[in-house]
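**Q** What follows is a structure written as structure tokens; I'll ask about it next.
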Amino acid sequence: MESQLSGGILPGMSQVDIPRVAQLTDKLWTGGALPYRSDSARKVIDSYRKVGINAILDTRAGCSDAEFVQEHAPEIDYFSAGVIDGGQRLPESWFAVTTDWVRERLLEGSGVLVHCSEGLNRGPSAAFAVLLTLGWDPTDALELIRDKLPRATVSYAEQAVEWHQRLSLIRFNIWRNNDRLSRVRSIRDF
């Protein structure tokens, strides 16, 4: 299953230029929000369609393009998981909710855009967390994002790594406990 989601960098990745949006893998993009002018926003949505973006995760607090997208592109799945970008610690639940939602869409075969206002911090940080859950090395994931979006700060990357490490340890401990129980049952049944 991981190989289906890993989303490598492929030679055939889209060549459509979308302002303030960068393609990270064959199905994952990150960047900024739609332009304020509705005519420009409709053109950007058309570009989303051309490259296969049919799901959007919006990480902005207090601002949403959900109604506009619903009106002009009802086929695009839109989810708002907004947080304030104030340099504060983000709740671990935010990383869990955002990565789970994106991974579900990727499993369905959707192209997903993870964005914030300008494509500098929250959106790229959430996309970074997604890459971690897909098995990317943290340094490789950061280099990919910075290569595609040189202005991106990805300031929540360290928190995402901490969250992912805790998540990995929890999963490992569950596996280890189940393995021990299985071995005890095998010995007992022997």
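**Q** Between Gln88 and Leu107, what length comes free when the chain is fully extended (0.36 nm per residue of separation minus the Cα-Cα distance, one decimal in nm)?
**A** 3.7 nm
**Q** Compute the distance in nm between two label points, each set 7 Å from the Cα along the Cα-to-Cβ direction, one at Arg171 and one at Asp137.
**A** Each label point is offset 7 Å from its Cα along the Cβ direction, giving 1.9 nm.
**Q** How many nm separate the modelled label positions at Ser155 and Arg183, each set 7 Å beyond the Cα in the direction of the Cβ?
**A** Distance between the two pseudo-spin positions: 4.6 nm.
**Q** About the Cα centre of the chain, what is the dipole size in debye to 20, counting +1 per Lys and Arg Cβ and -1 per Asp and Glu Cβ, all else neutral?
**A** Details: 22 positive and 25 negative charges, 98 e Å.
My answer is approximately 460 debye.
**Q** Further, regarding this structure: So what are the three principal axis dimensions of the chain from its Cα atoms, in whole Å, longest to shortest?
**A** Principal-axis extents of the chain (Cα, largest first): 72, 35, 30 Å.
**Q** Please find, in a Gaussian network model of the chain (springs between Cα atoms separated by less than 10 Å), the residue of Leu34, Leu57, Leu167 whose mean-square fluctuation is greatest.
**A** Of the options given, Leu167 has the highest mean-square fluctuation.
**Q** Let me know the longest stretch in the chain that avoids all trypsin sites (Lys or Arg not before Pro) found in a DSSP loop with at most 14 other C-beta atoms within 10 Å. Please report the intermediate quantities before stating the final value.
**A** Values: sites that count: Arg37, Arg89, Arg151.
Looking at the chain, 90-150 is the longest stretch - no exposed trypsin sites (Lys or Arg not before Pro) with at most 14 other Cβ atoms within 10 Å.
**Q** Next up: Name the residues whose placed amide hydrogens come within less than 5 Å of the amide hydrogen of Tyr78, ignoring near sequence neighbours (fewer than 5 apart) on the same chain.
**A** Ile56
**Q** Something else: Expressed as an acute angle from 0 to 90° and rounded to the nearest 10, what is the orientation of the C-alpha long axis of helix 122-133 relative to the principal long axis of the chain?
**A** Helix 122-133 sits at roughly 30 degrees to that axis.
**Q** Before anything else, pin down the relative contact order of region 2-189: Cα pairs under 8 Å, at least 6 apart, normalised by residue count, whole percent. Could the numbers behind the result be given before it?
**A** Working: 283 pairs, mean separation 45.2, N = 188.
Rounded, it is 24 percent for region 2-189.
**Q** Another one. Can you give the extra length, in nm with one decimal, that the chain gains between Val16 and Gln70 once fully stretched, where that is 0.36 nm per residue apart less the Cα-Cα distance? Before the final figure, lay out each step's value.
**A** Details: separation 54, 0.36 × 54 = 19.44 nm, distance 2.25 nm.
Taking Val16 through Gln70 to full extension adds about 17.2 nm, to one decimal.
**Q** Kindly express, to the nearest 10 degrees and within the range 0 to 90, the angle between helix 157-189's C-alpha long axis and the longest C-alpha principal axis of the chain.
**A** Value to nearest ten degrees: 30.
Where a number appears in this text, it was derived from the coordinates with a stated rule and is not lab data. No experiment lies behind these values; they were computed from the predicted model shown. Positions of Cβ are backbone-derived with ideal geometry, glycine not excepted, and every protein chain shown enters the neighbour counts.
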